[in-house]
1. For the range 31-43: of the residues being assigned to a strand (DSSP E or B) and more than 15 Å from P64 (Cβ to Cβ), which is least open to solvent (accessible area, probe 1.4 Å)?
2. Does at least one position in the range 44-60 carry a residue that is modelled with pLDDT under 95, surrounded by 15 or more Cβ atoms within 10 Å (Cβ to Cβ) and not in a strand (DSSP E or B)?
Amino acid sequence: MVQAPPFLLVLFLALGAHGLSAKKCSLTGRWVNDLGSNMTITTVNANGDFTGIYDTTEEIEPSPLLGSQHLPNQLNQAIFGFTVKWTFS
């Protein structure tokens, strides 16, 4: 069995990877965590900025959220973060 040098394997993967299309990550919709809190993202603009509402089952009223999604990096991983302006009852 002939073993290819690691350099050739890396070169092959690098040349083949450019043809892969980046998958889009759609954040729009309703997200529920293990504790029953709901995050509903209503809009995501072309820059990746998004808005929505965060709602819990506790004494916190539905609160607005604002976030940003970065385009996929070289590893095709979308990264996003958000903040919530809490409204207490």
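1. Our first condition is that a residue be assigned to a strand (DSSP E or B); within the range 31-43, this holds for 31-32, 38-43.
Add one more test, that the residue is more than 15 Å from P64 (Cβ to Cβ), and what stays is 31-32.
Numbers: W31: 112, V32: 86 Å².
Among them, the one singled out is V32.
2. Yes; the residues of the range 44-60 include at least one that is modelled with pLDDT under 95, surrounded by 15 or more Cβ atoms within 10 Å (Cβ to Cβ) and not in a strand (DSSP E or B).
The values are calculated or read from the model by the stated rules, or taken from the named source; none is laboratory data. On a predicted model such as this, the values are computed, not experimentally measured, just so you know. Counting neighbours? That spans all protein chains shown, and the Cβs are built from the backbone with ideal geometry, glycine included. Ligands, DNA and RNA are stripped out before the accessible areas are found, and what is left, the full protein with its side chains, is counted by its heavy atoms. Shrake-Rupley method; radii C 1.70, N 1.55, O 1.52, S 1.80 Å.
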